[in-house]
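The values are calculated or read from the model by the stated rules, or taken from the named source; none is laboratory data. Because the structure is a prediction, the values reported are computed rather than measured. Cβ sites come from the backbone with ideal geometry, for glycine too, and all protein chains shown count toward neighbours. Areas reflect the complete protein model, heavy atoms only, side chains present, ligands, DNA and RNA absent. Shrake-Rupley method; radii C 1.70, N 1.55, O 1.52, S 1.80 Å.
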Number of protein chains: 2
Amino acid sequence: MKISRDKWSSNFSEWFDWVISEAEIYDYGRYPIKGAGVWMPYGFKIRHNVISLIRKLLDETGHEEILFPLLIPEELLKKESEHIRGFEKEVFWVTQGGEEKLETRFALRPTSEVAITLMESLWIRGYSQLPRKFYQIVSVFRYETKATRPLIRVRELTTFKEAHTIHETYEDAAKQVKEAVEIYSKFFDILGIPYLISKRPDWDKFAGAEYTIALDTLMPDGRALQIGTAHHLGQHFTKAMDYKIQRADGTLTYPHQTSYGISDRVIATVISINGDDHGPVLSPVIAPIEAVIIPIPGKSEEDTKKVFSYAEEVRSTLASNGIRAVMDSSEDKTPGEKFYIWELKGVPIRVETGVREMNSGSVYLKRRDTLEGKVVKREDLVKELKNMEKTIEEDMRRRAKDWFEERIKSFDSLPDAKRFLENRGGIAEVPWCGSEACGLKIEEEVQARVLGTPLESRPRGNCVVCGRQSTTTLRIAKTY
Amino acid sequence: MKISRDKWSSNFSEWFDWVISEAEIYDYGRYPIKGAGVWMPYGFKIRHNVISLIRKLLDETGHEEILFPLLIPEELLKKESEHIRGFEKEVFWVTQGGEEKLETRFALRPTSEVAITLMESLWIRGYSQLPRKFYQIVSVFRYETKATRPLIRVRELTTFKEAHTIHETYEDAAKQVKEAVEIYSKFFDILGIPYLISKRPDWDKFAGAEYTIALDTLMPDGRALQIGTAHHLGQHFTKAMDYKIQRADGTLTYPHQTSYGISDRVIATVISINGDDHGPVLSPVIAPIEAVIIPIPGKSEEDTKKVFSYAEEVRSTLASNGIRAVMDSSEDKTPGEKFYIWELKGVPIRVETGVREMNSGSVYLKRRDTLEGKVVKREDLVKELKNMEKTIEEDMRRRAKDWFEERIKSFDSLPDAKRFLENRGGIAEVPWCGSEACGLKIEEEVQARVLGTPLESRPRGNCVVCGRQSTTTLRIAKTY
């Protein structure tokens with residue numbers, strides 16, 4: 001199992017830009033708005049398959065899909081002052097309609113807590129209507145001043161799945177945060193994305209939240225990427241907007257809320273975590289095309305014609321068995337050129353049919369992930385291909401997990417952690433007393449970012465800054 | 001077959017507001033932005049089912065889904081001056097990012113011709129890559145100064161399906177417009193929406209188009225509603241942006257384009273065209289719930305318990321046969337209250353199960369459209385329910401079509417046409433010489449809007465304005 005990961009991991013940023021452009025996934029940097037890109041047809045299908053998966057998981061757990069307006073009036077956004085402070089430098093403002101100046105400015109939604117709380121206050125008046133779990137899949141906007149990166153740090157996040165839930169008690173909301181983390185874990189497991197679950201430190205939680213749980217993965221360059229967050233919002237927004245519900249005993253109370261989101265970054269991750277010098281390796285779970293059939297021309301025109309019709313039969317068999325299969329019947333490219341293109345698209349399985357295969361009633365299946373191939377009988381094709389898909393999925397998941405786990409290391413001293421992160425990247429864990437002062441000191445010394453603490457704390461050794469007995473473990477990484 | 005259509009048709013506007021609010025489809029007028037509403041869970045599902053249908057039709061005909069950024073820089077939008085003139089009074093402008101004034105203003109997309117042409121010029125360089133058919137389903141924005149109406153005239157159209165195609169020749173683009181009209185016709189046929197296809201007059205075509213074909217329906221109040229348009233754009237945008245492709249003979253030419261769109265109005269229509277005093281009547285094709293099971297409590301607690309478990313068996317049978325079925329097992333409502341709620345939601349079939357049904361191994365099916373019911377045997381349930389759905393669909397389609405066709409009338413004099421339109425609404429057809437002067441005169445005299453001419457002209461009589469021999473028929477209606 002030989003995969004050259006040289007370019008892919010050592011020069012990941014360049015590799016990523018090359019892949020999303022050449023594989024026609026996402027056209028970035030040419031549309032004349034900084035930090036905004038165009039989803040091309042092939043990329044749109046990957047995105048669509050990823051969205052379908054999360055939609056299914058949310059629907060199954062009683063989440064209801066809704067759709068809110070894009071615009072939020074300034075006055076509404078400002079009802080929650082701590083929240084707007086967290087976003088105010090990043091908000092795009094609509095100030096003009098036609099040739100008129102608008103009376104009030106409208107924000108392009110940076111996130112939707114206030115808007116949703118407002119409507120909840122009209123829809124839900126009593127405990128018997130709780131809990132409710134809503135979600136929407138929309139674009140959100142951030143006027144990023146940092147350097148933008150396609151799908152990773154953009155000004156228009158085109159695939160923001162934000163969930164918002166409302167509960168009678170703090171405890172019920174806390175349970176919901178757990179459910180959110182479980183749903184995201186399941187989602188990432190299906191996609192084969194490895195992750196760590198951390199409680200963000202207080203100084204890095206969502207504006208207005210009681211606490212924030214985050215899921216982080218690692219990109220091939222060893223930098224951590226936040227791919228999911230879940231916030232316990234407590235009564236923060238309901239108090240700010242003076243929204244009460246009636247309890248069973250007739251008294252009034254401010255309901256508790258949670259919110260949780262994932263973004264385009266999940267799609268960036270599925271494209272990134274499995275790759276090589278030939279391009280990305282898509283998991284059969286989300287690949288727009290599971291198998292590409294490539295007929296190999298024969299020596300005579302007659303042979304070639306027969307081979308093409310044999311290839312078409314193969315395609316038809318696969319398609320009628322529910323496999324997303326296409327045949328590359330273009331005549332202006334050599335098989336080698338076709339191999340190059342479809343490897344670059346990350347299609348998990350290539351099916352080659354030449355004269356030899358045709359005459360022996362077989363096909364040659366080639367795995368994109370390991371580039372290993374095998375001959376299978378025509379009548380076993382569907383079974384063999386499905387088995388191969390399963391093996392590919394499992395192998396990809398395991399390889400990504402192994403790669404990830406190798407990059408998580410514990411250290412007792414900050415200089416060691418720093419060296420580790422600078423050398424090959426990854427996530428360093430150090431003992432920590434729990435104080436914000438020591439936490440910020442760690443970030444400064446290591447020149448990296450604190451991801452937070454494990455949900456189940458296993459204190460070990462002394463705080464790497466103050467030397468006191470540690471109460472927990474702190475995770476640090478270079479981040480996107 | 002008795003349907004009271006009094007309130008529904010004579011006071012349609014009030015009926016529509018009542019339905020979308022009480023059936024929890026679309027919350028309008030309470031979110032603090034004029035002309036923007038919130039899709040609630042039940043409405044979102046109707047929307048989702050409608051979108052799935054059009055997506056399927058487009059995918060089957062070789063359209064590729066893409067997703068463009070929301071924002072369009074002013075400079076880009078202005079590259080096509082005739083086009084921007086058509087929209088400039090209706091554009092929302094983003095002028096500020098965080099606390100900074102932006103160097104250039106960004107428009108919230110009013111439509112996407114210029115943005116898409118720009119990217120096409122990067123993606124497609126030669127004839128062999130043509131035709132390409134793209135589409136996206138996005139929000140578009142219009143700073144409407146006219147009175148807004150939920151789902152019908154809004155400032156944020158949340159469900160704008162816009163298709164954009166590109167071709168080597170004028171003729172190929174013209175064929176594409178025909179295909180677009182065929183796709184929309186099929187779509188509306190499936191939804192049971194009656195329509196007329198008209199070529200819009202030159203003074204009312206899309207800014208920059210060679211010609212515009214539109215599909216119009218009638219709302220219950222007799223006013224016409226444009227529900228689909230297809231434009232032949234010629235070389236208008238490619239010339240404006242100086243975008244040429246290479247032909248087979250090596251020469252360069254400006255490619256031809258088309259665009260076509262449908263919006264939230266389709267969903268407004270499926271909710272509106274079949275209804276009565278109890279609410280809307282949804283077609284099984286797009287109903288979020290095809291059948292609601294309502295257990296009728298017995299005289300004893302034991303009977304009631306048995307009835308509920310019998311109802312649950314019925315639900316389970318339907319669900320396992322792929323029918324979207326729910327059981328209303330709430331205990332704080334009487335069956336009568338449940339009937340009211342589910343009729344208001346427009347669920348096509350109600351399944352009642354009481355002691356009598358349980359003991360005789362049957363269920364009672366009630367059609368929402370005619371309010372007629374029948375007893376069917378438990379073992380025939382799935383077959384009978386599917387047959388009933390088919391009958392409902394056919395009857396709804398026929399009734400809507402009959403109603404529509406009754407409201408299209410030919411007239412030889414303008415005063416007669418005017419009286420007809422003022423009296424009960426509908427579409428009036430009058431002989432027309434084809435001149436713009438006479439067309440505008442007709443609009444003025446009748447105080448209505450010209451919809452255009454049939455695609456196949458059948459001249460009859462003399463122009464109702466100038467008295468010259470008519471060359472075609474002009475359709476006029478009060479419109480939304």
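Structure notes:
- In nm, spacing of pseudo-spin labels at B:Q469 and A:S316 (7 Å Cα→C-beta vector): 5.6 nm
- Label positions at B:N359 and A:L440, each projected 7 Å from the Cα along the C-beta direction, are separated by 7.8 nm.
- Count Lys and Arg as plus one, Asp and Glu as minus one, and take only other residues whose Cβ is under 9 Å from that of B:D395; the net charge is then +1.
- Both radii were evaluated on the Cα set of segment B:255-297; the Rg over Rh quotient, with Rh as the Kirkwood radius, amounts to 1.27.
- For segment B:200-241, backbone nitrogen atoms closer than 17 Å to the point 7 Å from B:Q447 Cα along Cα-to-C-beta are found at B:222-224.
- Tail weight of P(r) past 16 Å, computed on alpha-carbon pairs of segment B:291-396, percent: 54 percent
- Note on surface exposure: B:D369, A:D17 rank A:D17, B:D369 by accessible area, highest first, 1.4 Å probe.
- Restricted to Cα atoms, segment A:6-275 shows a radius of gyration and a Dmax of 19.3, 66 angstrom.
- Solvent-accessible surface of segment B:116-221, taken per residue with a 1.4 Å probe and all protein chains present: 33 Å².
- For the pair B:K34 and B:S185, a Förster radius of 41 Å applied to the C-beta separation gives a FRET efficiency near 0.75, rounded to the nearest 0.05.
- Taking all protein chains together and a 1.4 Å probe, the residues A:R368, B:R155 rank B:R155, A:R368 from largest to smallest accessible area.
- Temperature 37 °C, viscosity 0.692 mPa s: under these conditions the Stokes-Einstein estimate for segment A:213-294, based on its Kirkwood radius over C-alpha pairs, is 198 µm² per second.
- The radius of gyration of the Cα set in chain A, together with its Dmax, comes out at 25.5, 87 angstrom.
- For the residue pairs A:K333/A:K386; A:K34/A:K401; A:K345/B:K178; A:K45/B:K45, the C-alpha atoms sit more than 26 angstrom apart in A:K333/A:K386; A:K34/A:K401; A:K345/B:K178.
- Per-atom-type breakdown for the protein assembly as shown gives carbon and sulfur 47% of the accessible area (1.4 Å probe, protein chains only).
- For A:P459, inter-copy label distances in nm, listed shortest first [label point 7 Å out on the Cα-Cβ vector]: 9.6
- Distances in nm from A:L440 to the matching label points in the other copies, shortest first (labels 7 Å along Cα to Cβ): 7.0
- Both radii are taken from the alpha-carbon atoms of segment B:13-87; with Rh as the Kirkwood radius, Rg/Rh is 1.11.
- Here r is the Cβ-Cβ distance between B:S10 and A:K244 and R0 is 35 Å; the resulting FRET efficiency, rounded to 0.05, is 0.30.
- When only Cα pairs below 8 angstrom with a gap of at least 6 residues are kept, segment A:42-174 shows a relative contact order of 24 percent.
- Computed magnitude of the charge dipole of segment A:291-388 (debye, nearest 20; Cβ of K, R +1, Cβ of D, E -1): 340 debye
- Heavy-atom accessible area order for B:T165, A:T391, largest first, 1.4 Å probe: A:T391, B:T165
- Taking 0.36 nm per residue of separation and subtracting the current Cα-Cα distance, fully stretching the chain between B:R398 and B:Y340 would add 18.3 nm.
- Within the assembled protein chains, the solvent-accessible surface assigned to A:R468 is about 130 Å², based on a 1.4 Å probe.
- In this label model, B:K377 and B:S52 are separated by 3.2 nm, measuring between points 7 Å along each Cα→Cβ vector.
- Two-site FRET efficiency, A:E405 against A:A147, from Cβ-Cβ distance with R₀ of 35 Å, rounded to 0.05: 0.75
- Buried surface for the B/A pair, taken as the accessible area of each chain alone minus that of the pair with a 1.4 Å probe, is close to 4700 Å² in total.
- Rounded to whole Å, the principal axis extents of the Cα atoms in segment B:397-439 read 38, 20, 14, largest first.
- Calculated label separations, B:S329, copies of the chain, 7 Å along the beta-carbon direction, nm: 5.3
- Computed from the C-alpha gyration tensor, the three semi-axes of the ellipsoid equivalent to segment A:80-225 are 27, 25, 14 Å, from longest to shortest.
- Kirkwood-based shape ratio for the protein assembly as shown, expressed as Rg/Rh from alpha carbons: 0.98
- Computed over the protein assembly as shown, the per-residue total of -39500 (n - 2.57) for DSSP H runs of n ≥ 4 gives a 222 nm mean residue ellipticity of -11000 deg cm²/dmol, rounded to 500.
- For segment B:408-477, the solvent-accessible area of protein heavy atoms averages 49 Å² per residue (probe radius 1.4 Å; ligands and nucleic acids excluded).
- C-alpha long axis of helix A:335-344 to longest principal axis of chain A, angle in °: 10 degrees
- Bins of 5 Å, starting at 0 and running to the largest distance - Cα pair percent for segment A:408-477: 4, 21, 34, 27, 12, 2
- Solvent-accessible area per residue in segment A:291-388 equals 49 Å², computed with a 1.4 angstrom probe and all protein chains kept.
- Taking the Cα centre of segment B:346-480 as origin and assigning +1 to Lys and Arg Cβ atoms and -1 to Asp and Glu Cβ atoms, the resulting dipole is close to 260 debye.
- Counting Cα-Cα pairs of segment A:304-459 in 5 Å increments starting at 0 gives whole-percent bin shares of 1, 7, 13, 15, 12, 7, 5, 6, 7, 8, 7, 6, 4, 1, 0.
- Residues of segment A:34-74 that bury at least 50 Å² of accessible area when the other protein chains are present, relative to the chain alone (probe 1.4 Å, heavy atoms, ligands and nucleic acids excluded): A:V38, A:P41, A:F44, A:E65, A:L67, A:P69, A:L70, A:L71.
- Overall Cα dimensions of segment B:367-433 - principal axes, largest extent first, Å: 63, 23, 9
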